[in-house]
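This report concerns only the one structure given below.
The values are calculated or read from the model by the stated rules, or taken from the named source; none is laboratory data. This structure is a prediction, so every number in the text was calculated from the model and none was measured. So basically every Cβ, Gly included, is an ideal-geometry build from the backbone, and we count neighbours across all protein chains shown.
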């Protein structure tokens, strides 16, 4: 009986990863795209990415699409592997360009002038890589659309 609950082939695990990962990236994407949740909105995001990180507008657009659209894809299980690939790429760039300089740990105390380390990004990267390998699982739109 326990085998049925904990068996990886049951593929409940992808759903348990898809829900938080999808919500996190839809929220971050909506900050950049729509200015929701205290975000800057589209114009300021383009300006900020180019001025502060040297990221060209075309790559900023790809980030926004991968975060918002990829978050939606992950959440619904539609184009799961493609969405996970985009999110994994974003996490690798975020680790390299933003967080690595601050070490491993998050800035739990929110010390002014000190950013967050890479631990959260590694967790999100691991979730995305799992979905890239395993797919969306039993309860995803990919199964319906692509009959997999």
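Scanning segment 13-67 for residues being at pLDDT below 95, in contact with a helix residue (DSSP H, G or I) (Cβ under 6 Å, 6 or more places away or on another chain) and under 18 Å from residue 77 (Cα atoms) gives a total of 1.
A single entry from 82, 75 fulfils the requirement of being closer than 20 Å to residue 120 by Cβ and either at pLDDT 95 or above or exposed (fewer than 14 other Cβ atoms within 10 Å of the Cβ) (or both): 75.
Looking across segment 96-134, just one residue is modelled with pLDDT of 95 or more and at positive phi, and that is 103. Consider segment 128-144 and keep the residues that are assigned to a helix (DSSP H, G or I) and in contact (Cβ under 8 Å) with a residue 60 or more places away in the chain. The one that is surrounded by the most Cβ atoms within 10 Å (Cβ to Cβ) is 131.
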